[in-house]
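Any read-out appearing in this document is the output of simple, stated calculations on the displayed coordinates, not a laboratory observation. All figures in this text were calculated on a predicted structure; none of them were measured in a lab. Here the Cβ positions follow ideal geometry from the backbone for every residue, glycine too, while neighbour counts run over all protein chains shown.
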Amino acid sequence: MRLEGTFLRSRAGRRIFWTLLLAAAAPIALFGVAMHAMLSSQFETQAARQQAQLTKFAGMGLLDRSLDELEQKLANARENGTCLISMGWGGGLLAKPLYDRREGKRAAKAEGKRAVEAQAKRGDEEGSDT
């Protein structure tokens, strides 16, 4: 079936043609604009989610490395005897040793003796005053 262009020669034919063409094109154009707006917002939301997920992944990696380093330091401290409080999960409080433990015990004993002597001296002085 061949389409003849004779209906476009009349003024009424052209009006009908353009009216039908516009009636078909208008919904397609509106649908395209609506889909563009919806997809744009969806892509922005997806990009924000991916950014948050990437940030979370990087933060968890840093936390994991930090915890590994802390566990290693605690293990070394337990081996060296500088861990103040050992906790059941493998943790503990660290103390930097200011002196050797044996030297510290000697110093503590000497300090204790001095304190006892000072107290005894005070007791003697109080007893002689009365």
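In whole Hz, with x marking every Gly and Pro, tabulate ³J(HN,Hα) for the stretch 21-34 from phi via Karplus 6.51 cos²θ - 1.76 cosθ + 1.60, θ = phi - 60°.
Once θ is set to phi - 60°, the couplings for the stretch 21-34 become 5, 5, 5, 7, 7, 4, x, 5, 5, 4, 4, x, 5, 5 Hz.
What spacing in nm lies between the two simple spin-label points modelled at His36 and Leu62, each 7 Å away from Cα in the Cβ direction?
For His36 paired with Leu62, the spin-label model returns 4.0 nm.
At 0.36 nm per residue, and after removing the present C-alpha to C-alpha distance, how many nm does the segment from Ala26 to Arg49 gain when stretched out fully?
Full extension from Ala26 to Arg49 adds 4.8 nm.
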